[in-house]
Amino acid sequence: MLTMKNLLIGIIILCNGFAGNQGIAQSASAKGYQLSITINAYKGQFLYLGYHYGKIKALADSAMVKPNGTAVFTGANSLPGGIYFVVSPKKEILYELLIDKEQRFSMAVDSAQIAQVKFIGSKDNIDFQSYTRFVHAKGTAINEQQALLAKAQNKNDSALITGKSRSLNTEILNYRSDFMGKNPNSFLATLFSALQEPQIPPAANHPKGVYDSTFAYNFFKSHYWDGISFSDARLLRTPFFEARLERYYRDLVSPEPDSIKKEIDFMLARAMPEKEMYKYLLTHFVQQYINPQYMGQDAVFVHIFEKYINGKNGVDWFTEKYKKYMTDRAYSLMANLIGNPAWDMTMTDTSGKIAPLYEVGAPFTVICFWDPTCSHCKEMVPHLDSMFQHKWKAQGIKIYGVMTEGGKENWLKYIRENNLTGWIHVYQTEEQRETERNSGKPGYRQLYDVYQTPVLYLLDEQKRIIAKKLTYQQMDDLITIKKQKTAANR
């Protein structure tokens with residue numbers, strides 16, 4: 001719920017937390033703005049004008065409070081619409097305001113009653129303030145009802161209190177609905193529309209006349225964006241748009257890469273006519289999936305890179321350094337996507353013999369990239385070996401252990417002292433590494449995205465990648481599931 005209380009209380013901003021105003025100058029028209037403040041404090045000090053942009057708070061302008069108690073934010077280019085805020089010299093948000101078509105208005109502020117700021121010449125902000133006062137009053141009443149609910153003595157009392165709370169919430173929703181009906185083209189109406197939640201039809205309107213959770217889910221998901229236009233960049237400068245976006249992909253989109261890719265393509269297609277919205281969404285998706293939270297979702301970033309970033313029609317707003325990072329990351333991930341055949345590795349074992357990965361015969365092969373001098377490896381490898389010795393070996397599972405660095409002597413010593421028997425222990429000799437470099441072929445670090453250790457991969461009998469970068473316990477759970485499915489299909 002968008003309330004003045006929620007937006008103002010307890011928010012502290014540091015100067016270096018602002019993002020700067022370069023983007024504003026690029027996207028603004030040439031009408032200019034002039035926002036005057038009269039305040040009985042901070043004389044000779046700077047006030048700041050900031051705005052929301054996703055999860056960050058960016059700086060738009062600054063103005064010194066003159067001896068007569070006035071400060072004026074002014075600029076030759078109009079400010080893009082959004083929810084802005086005035087920040088004190090102590091970097092505290094004093095109050096919020098709406099900026100849209102009205103770019104020249106005044107504000108009068110009493111430092112002892114900041115929330116009672118008076119707006120002159122801005123209907124948007126007068127309406128916004130009326131709404132927040134209304135919501136504050138209703139919110140206080142709802143809180144009182146919640147306190148009574150905690151002390152309710154019986155079900156009848158609880159039902160009565162709950163009914164009053166619902167009635168108060170309904171009054172807030174009706175306020176918004178009534179305002180939107182009377183002021184459909186206002187920015188505040190746009191915000192109210194964007195804040196609306198889909199209302200799932202009553203059970204009687206579900207298929208067969210009974211509540212259907214699948215129907216409810218599909219209805220909520222299909223109407224989730226009803227009140228939001230992806231051609232309206234003003235929504236980017238609000239504190240709720242990014243949270244709504246993240247909630248959609250977290251709670252309503254299936255985590256499989258193909259489902260995510262489909263949603264991203266649909267959303268970017270709708271946003272493409274509005275350059276700023278398109279830029280914001282594409283950048284958000286890159287940052288979300290270039291190092292994804294869940295295994296397999298790196299395929300989403302590869303898709304984004306190939307379709308929207310690479311090639312002649314690629315975007316032009318990333319720095320050269322970040323472009324290189326994205327390119328290197330994409331080509332590294334392309335080589336080891338879930339379901340793809342693993343790249344063969346022709347390495348040398350502890351006896352000096354060549355031991356290629358693809359000559360390992362096993363229903364499952366676990367690749368362990370490790371370093372005998374790495375503290376995390378020293379902690380994990382003995383546990384992995386215990387799983388292997390007590391369970392996996394009897395199932396025919398093999399471990400292909402790749403020493404990434406740490407030195408051959410340290411490697412052999414660790415194997416001996418920890419009795420890592422039964423593994424296929426391999427490393428890349430300097431001669432093999434030099435031959436690889438001279439051939440121009442990518443190394444195993446790029447092919448398996450190994451830039452830290454330890455790293456585990458799970459391959460099937462045909463050496464296709466089943467899983468990567470999981471713990472050995474997660475690997476064991478996955479092997480168990482795979483074996484159960486195989487047995488059930490026989």
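Assorted remarks:
- Packing-based order for 77-90, 215-228, using average beta carbon neighbours within 10 Å, highest first: 77-90, 215-228
- Working note: 222 nm ellipticity from helices only, DSSP H runs with n ≥ 4, each -39,500 (n - 2.57), summed and divided by the residues of the chain, gives -12500 deg cm²/dmol to the nearest 500.
- Over 22 Å apart at the Cα level, from the set Lys353/Lys408; Lys398/Lys482; Lys221/Lys275; Lys398/Lys468; Lys398/Lys483; Lys393/Lys468, are Lys221/Lys275.
- Relative to the longest principal axis of the Cα atoms of the chain, helix 320-334 runs at roughly 50 degrees.
- C-alpha long axis of helix 472-488 to longest principal axis of the chain, angle in °: 80
- Cα gyration tensor shape of segment 348-402, rounded if a/c is under 1.5, else prolate or oblate by comparing a/b with b/c: oblate
- Helix axis angle, 257-271 relative to the chain longest principal axis, alpha carbon, degrees: 30
- Segment 86-125 and segment 162-210: distance between their alpha carbon centers, rounded to Å: 28
- Val65 contributes an accessible area of around 0 Å² to the protein surface, as traced by a 1.4 Å probe with all chains present.
- Contact order relative to length of the chain, as percent, for alpha carbon pairs under 8 angstrom and 6 or more apart: 10
- Close amide-amide hydrogen proximity is noted between Arg464 and Ala342, each under 5 Å apart and 5 or more residues distant or on a separate chain (H modeled in the peptide plane; Pro and chain starts excluded).
- For segment 180-249: accessible area per residue (Å², 1.4 Å): 48
- Computed with every protein chain present, the accessible area of Leu447 is close to 20 Å² [probe 1.4 Å].
- 3J(HN,Hα) from dihedral phi, segment 141-151, Karplus parametrisation 6.51/-1.76/1.60, rounded to Hz, x for glycine, proline: 5, 5, 4, 5, 5, 5, 5, 5, 4, 5, 9
- Cα gyration tensor shape for segment 374-490, rounded if a/c is under 1.5, else prolate or oblate: oblate
- Derived scalar couplings between HN and Hα for segment 47-63 equal 9, 10, 10, x, 8, 6, 8, x, 8, 9, 10, 10, 8, 9, 6, 9, 8 Hz in order, rounded to whole Hz, by the Karplus curve 6.51 cos²θ - 1.76 cosθ + 1.60 (θ = phi - 60°), x for Gly and Pro.
- Interchain or long-range residues, amide H under 5 Å from Asp61's placed H: Leu49
- Residues in segment 124-130 carry Karplus couplings, in order, of 3, 6, 5, 5, 4, 5, 4 Hz; the curve used is 6.51 cos²θ - 1.76 cosθ + 1.60 with θ = phi - 60°, and Gly or Pro positions show x.
- Sulfur and carbon atoms: percent of accessible area, segment 72-179 [1.4 Å]: 52
- Rounded if a/c under 1.5, otherwise prolate or oblate - segment 243-330, Cα gyration tensor axes: oblate
- Listed by chain and number, the lysines whose alpha-carbon sits under 25 Å from that of Lys123, ignoring those within fewer than 8 places in the same chain, are Lys5, Lys31, Lys57, Lys101, Lys138, Lys182.
- With a 1.4 Å probe rolled over the protein heavy atoms of all chains, the accessible area of Met64, Met277 falls in the order Met64, Met277, largest first.
- Two-decimal log10 I(q)/I(0) for the chain, as the Debye equation yields it once each C-alpha is a single scatterer, q = 0.06, 0.11 Å⁻¹: -0.45, -1.03
- Heavy-atom accessible area, probed at 1.4 angstrom with all protein chains present, ranks Tyr358, Tyr51 as Tyr358, Tyr51, highest first.
The values are calculated or read from the model by the stated rules, or taken from the named source; none is laboratory data. Here the structure is a predicted model, which is why all the values come from computation and not from measurement. In this analysis, Cβ positions are derived from the backbone assuming ideal geometry, glycine residues included, and neighbour counts consider all displayed protein chains. Only protein heavy atoms, including side chains, enter the accessible area calculation; ligands, DNA and RNA are left aside. Shrake-Rupley method; radii C 1.70, N 1.55, O 1.52, S 1.80 Å.
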